[in-house]
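Have a look at the structure below, then the notes.
The values are calculated or read from the model by the stated rules, or taken from the named source; none is laboratory data. The structure displayed is predicted, hence computed values, not measured ones. Methodologically, a virtual Cβ is constructed for each residue, glycine included, from the backbone with ideal geometry; neighbour enumeration extends over all protein chains shown. The accessibility values were calculated without ligands, DNA or RNA, using every heavy atom of the protein model including side chains. Shrake-Rupley method; radii C 1.70, N 1.55, O 1.52, S 1.80 Å.
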Amino acid sequence: RRVLFRSQQITAAYQPGAPLADQKAAQKKALKTERDRIADVSYNDYALTLAETKQQTSVADQALADASAAVDAAASADAINKAAASGLKQIAAAYQPGVPLADQRVKKKQALADTATKAKQFIQSDRTLTTAEKKTQLAGVDTKLTDGEAAIDAANTADKINKAEATSASAILNVHQR
C-alpha cells in the first residue's frame, strides 16, 4: 500500500513541459521581437547614417536567422533555451550607437575649415588673379565657410550633417575662379 501511495505521489508530482514545438515557437517569437526592437532603436538613432542603420539591421537579421536555425535544431528544452539566449545576445549586439551629433558637427566643421584653408592657399598662390580678385575670392571663401558651419549646426541627423559638409565644401572650393 505504501509503495502504491508513493508511486501515486510521484506520478502526481510529475508535470510534463510544454511540447518542444511550442517552446521553439515561443523562443523564435522572442527572437523576432528583439530583432524588431533593435531595428527600431537603430532607425531612431539620428546619430547613425541611413547606411549604418541598414548595416546594423542586416546584422540583426542575420543573427535572427542563425538563432532561429539553432532553435529549430535544438533537441531539448535546455538546448532551445541556450540557443535562444545566445541568439538574443547576438541580435542585441547588432546595435551600436552612433557618434553623438555634437561630436559629428565638430569633426565636420573642422573638415570644412581645412577645406577653406586649402581653398585660400589656392587663391593666394594663383598668379593669374589680381590682388582685388584675390580679396574678393578670399572673402567669398569666408562667407561660404560661415554658411557651411551654420548648415552643419542646423542639421539634426548624421546624414544631414554629412550632406551639409559635402555641399559646403564644394561651394568653398568653387569660389576660386581663374
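Electrostatic tally near K32: other residues with Cβ closer than 15 Å to its Cβ, Lys and Arg +1, Asp and Glu -1, net -1. Averaging the sequence gap over all C-alpha pairs within less than 8 Å and six or more residues apart, then dividing by the number of residues, gives the stretch 78-178 a relative contact order of 35 percent. When the alpha carbon gyration tensor of the stretch 16-85 is reduced to an equivalent ellipsoid, the three semi-axes, largest first, read 30, 11, 7 Å. Rounded to the nearest 10 square angstrom, D66 shows an accessible area of 90 square angstrom against a 1.4 Å probe.
With contributions of -39500 (n - 2.57) from each DSSP H run of at least four residues, the per-residue ellipticity at 222 nm computed over the chain stands at -27500 deg cm²/dmol. Taking every alpha-carbon pair within the stretch 126-178, the share separated by more than 19 Å comes to 35 percent.
With the simple spin-label model, which puts each label point 7 Å out from Cα in the Cβ direction, the T146 to F122 separation comes to 2.2 nm. In units of the compact-protein estimate 2.2 N^0.38 Å, the stretch 74-178 shows a Cα radius of gyration of 1.85.
Based on the Stokes-Einstein relation at 4 °C and a viscosity of 1.567 mPa s, and on the Kirkwood radius from alpha carbon pairs, the chain is assigned a translational diffusion coefficient of 62 µm²/s. Once you place label points 7 Å from the Cα toward the Cβ at D72 and D36, how far apart are they in nm? The modelled label-to-label distance comes out at 2.0 nm. Cross-linked pairs K107/K160; K118/K160; K54/K82; K89/K160; K108/K134: Cα-Cα separations exceed 21 Å for K118/K160; K54/K82; K89/K160; K108/K134. For the chain, the carbon plus sulfur part of the accessible surface works out to 56%, probe radius 1.4 Å. Using the 1.4 Å probe convention, the accessible area of the stretch 79-130 works out to 62 Å² per residue with neighbouring protein chains retained.
Against the chain, whose longest principal axis is taken from its Cα atoms, helix 20-43 shows a tilt of about 20°.
With contacts taken as Cα pairs under 8 Å and at least 6 residues apart, the chain reaches a relative contact order of 23 percent.
Helix 77-93 and the longest principal axis of the Cα set of the chain meet at an angle near 10°.
Just tell me which aspartates and glutamates come within less than 18 Å, Cα to Cα, of K135; anything on the same chain fewer than 8 places away is out. Partners within reach: D126. Mean sequence separation of contacting Cα pairs (under 8 Å, at least six apart), scaled by the length of the stretch 18-96, corresponds to a relative contact order of 42 percent.
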